[in-house]
Amino acid sequence: MNRYKNIWHGSFVRIIEYGLDIFVMIFSLFTAIQLNLGFAYGYFFGWIQIVGMYWYFYWFLGLIYVLATAIMFKMYHTTIVNNTYRNSIKNTMLAIVFMNIPLIVYNFIRIDNFIFETPWYLFVVVGIEIVTYALYKYIFYRILSVLNKQYILIVGQKKDVTELASKFILAKERHRVIKYLYFVESDKVVDQLIFKLIDEVDNVYITEHLDVKSKEMIIDYASLMNYKEVFVVPKKYDIMLLDSKFETVDDTMVLRSQNMHLSFEMRFIKRTIDIIVSTIGLVIAAIPMLIVALIIKLQDGGPVFYKQERFKRDNKPFYILKFRSMIHKQTEEMEQTLATRNDKRITKFGKFIRATRIDELPQLLNVFKGEMTLVGPRPFMKSVVDEATANNPDFRYRSNVKPGITGLSHVYGRYDTTPEERLRYDLLYVRRCSLWLDIKIIFLTIIVVFSKDMGLGRDGSLSFEALMVSKNVSLEKVLSTNDEVYLVQRDEIKK
């Protein structure tokens, strides 16, 4: 049965879900049409009659809706498969809004009645979609939380394993449950016991610093000999080989890893878009920025803007602009210290503008001047760059591109995501930079604006042991000849 279990988190279930997504979208539209006709004529038309009245004339509307659903739902990762209900429904709400905006605007600018007696009925369509999607996604989620239960083995050095396990526990994902933690010393190869543990789980997670020979053993047994999925925390080398093209030298295959820089054409396109968007953005945001500036000035009389030295492309210094969100009297050491979730330096209004990212609007000026770009690695403080580069020399390669207002690490990480984790996202962006990826990141940034946790970070004061206690999780040691192996005990997997 193991070979068939992954059907519940594979493409087949996603296709079913996508079909239901389209059905809900069409159902919502025609329900709103029925309500409109019912109030206009005093009685409700049959479904077949409504479809016959509208579908022939507006078949292209259905095509547009299907395309919009495909694009927005794919971009916002609205699927409930391998996702939490909270994330899925939040992303679905944003996708619904964006895929309906063109239709709403089009209806308001038309002189005649396009579909409804009044274009305001389109908001009824959106409302029905939101309610229907929320209900059906929840039912789908509850079904998959039972059928799609995945038990996990995490393998690696103790520090790496506990850090990854902590993130699984904090994520509160019902479908992915840690079953075993396998601690390996840095100079050791995994014990043969690992094969027995792999047989008892669905997925294996390999942390960054596990020995190469151990990685090969695990991947060979789990993926080649069995039907298990393996997830690897990548190193720089792994990221550089992504999307490699294969070539041949006579009959020998070689992989071509392209350079980790943007092409001239891509830099030209990004700069053109930066100038246009930053100009429009500054005009549109002028009044909100003036209001924010006034509030900051009135709260304590300090300066409105905060200037700090950061690093642009090729690690050249520049001064970034932000709305000030902290108290204005700080020592130089305090200014070079990253803020924490409950940092006392942050003002009450500062918490709001940091959580919503409003404090970063002045960076549009940096973009206009060419010091930054709209999408790219986030620029760090000198103290962070110096420390991160000392710990990992690869950190300097993120400056191969201009820093951005938003980026991959910005939309997938949190405010307190470590520089090491951000480096992986930044290198991945350099590797896969494209106009489509930039557009996707800009749309995903909107999620960050509505996510308080991503704006302020998590409380990192709890150790792994304390976190397990707080979540009613305990470890039971499993006998092994060489390594430390623990069974994770919680209600879902207790024997």
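Laid out as a table, the results:
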item: Selection count, the range 376-435, where residues are among the aliphatic types (A, V, I, L, M), crowded, with 16+ Cβ neighbours inside 10 Å and either assigned to a helix (DSSP H, G or I) or not assigned by TED's automatic domain parsing to the domain that holds A355 (or both); result: 9
item: Contacts under 9 angstrom Cβ, first residue in the range 125-141 being surrounded by fewer than 16 Cβ atoms within 10 Å (Cβ to Cβ), partner of a type in the set (A, V, I, L, M), 6 or more apart; result: G127/A32; A134/I89; A134/M93; Y138/I80; Y138/I89
item: Residue list for the range 222-245, filter: more than 23 Å from L262 (Cβ to Cβ) and either assigned to a loop (DSSP other than H, G, I, E, B) or of a type outside the set (G, A, S) (or both); result: L224, M225, N226, Y227, K228, E229, V230, F231, V232, V233
item: Residue identified as surrounded by 12 or more Cβ atoms within 10 Å (Cβ to Cβ) and either at pLDDT below 75 or in contact with a strand residue (DSSP E or B) (Cβ under 6 Å, 6 or more places away or on another chain) (or both) among Y56, Y106, Y43; result: Y106
item: Qualifying residue in the range 298-309 (condition: touching a Pro at 6+ places or on another chain (Cβ under 7 Å), outside any loop (DSSP other than H, G, I, E, B) and in the same structural domain as D359 (by TED's automatic domain parsing)); result: yes
item: Candidates V254, V277, V292, filtered to the one that is under 29 Å from W436 (Cβ atoms), surrounded by 15 or more Cβ atoms within 10 Å (Cβ to Cβ) and either over 28 Å from the mean Cα position of the chain (by Cα) or modelled with pLDDT of 90 or more (or both); result: V277
item: Exclusive hit being part of a helix (DSSP H, G or I) and farther than 25 Å from L487 by Cβ, set F195, F168, F123; result: F123
item: Scan of the range 347-371 for residues that are of a type outside the set (S, T, N, Q), surrounded by fewer than 19 Cβ atoms within 10 Å (Cβ to Cβ) and at negative phi, ordered by number; result: K348, K351, F352, L365, F368, K369
item: Members of the range 198-214 found to be of a type in the set (A, V, I, L, M), surrounded by fewer than 21 Cβ atoms within 10 Å (Cβ to Cβ) and in contact (Cβ under 8 Å) with a residue 12 or more places away in the chain, listed by number; result: V201
item: Among (1) assigned to a helix (DSSP H, G or I); (2) in contact with a helix residue (DSSP H, G or I) (Cβ under 7 Å, 6 or more places away or on another chain) - the single one Y182 does not satisfy; result: (1)
item: Tabulated pairs, the range 471-495, first within 22 Å of D187 (Cβ to Cβ), second acidic (D, E) and at pLDDT 70 or above, C-beta under 7 angstrom, 6+ apart or interchain; result: S480/D191; T481/D191; N482/D191; D483/D191; Y486/E476
item: Residue match in the range 320-332 (condition: in a helix (DSSP H, G or I), crowded, with 17+ Cβ neighbours inside 10 Å and modelled with pLDDT under 90); result: no
item: Condition check for K90: assigned by TED's automatic domain parsing to the domain that holds L20, at pLDDT 85 or above and either loosely packed, with under 15 Cβ neighbours inside 10 Å or of a type outside the set (A, V, I, L, M, F, W, C) (or both); result: no
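The values are calculated or read from the model by the stated rules, or taken from the named source; none is laboratory data. Every value quoted in this text rests on a predicted model; they were computed, and no experiment measured them. Cβ coordinates were reconstructed from backbone atoms using ideal geometry, including for glycine residues, and neighbour counts include every protein chain displayed.
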